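The values are calculated or read from the model by the stated rules, or taken from the named source; none is laboratory data. Since we're looking at a predicted model, the values are computed, not measured. So basically every Cβ, Gly included, is an ideal-geometry build from the backbone, and we count neighbours across all protein chains shown.
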């Protein structure tokens, strides 16, 4: 996806919250990570963080 859209910013949404998995998700290019069950406030913060750098 990054090859075709290099400026895309991705937020992972998963029910796995082990440090190893989160680090791997961020290493492969996701900008942020949200755990399943996160509330609206968490989503808003993650989107703002990704959009604002």
Failed condition for residue 20, given (1) in a loop (DSSP other than H, G, I, E, B); (2) surrounded by fewer than 13 Cβ atoms within 10 Å (Cβ to Cβ); (3) at pLDDT 95 or above, with all others met?
(1)
Residues of region 23-44 classified as over 22 Å from residue 1 (Cα atoms) and surrounded by fewer than 12 Cβ atoms within 10 Å (Cβ to Cβ), total:
6
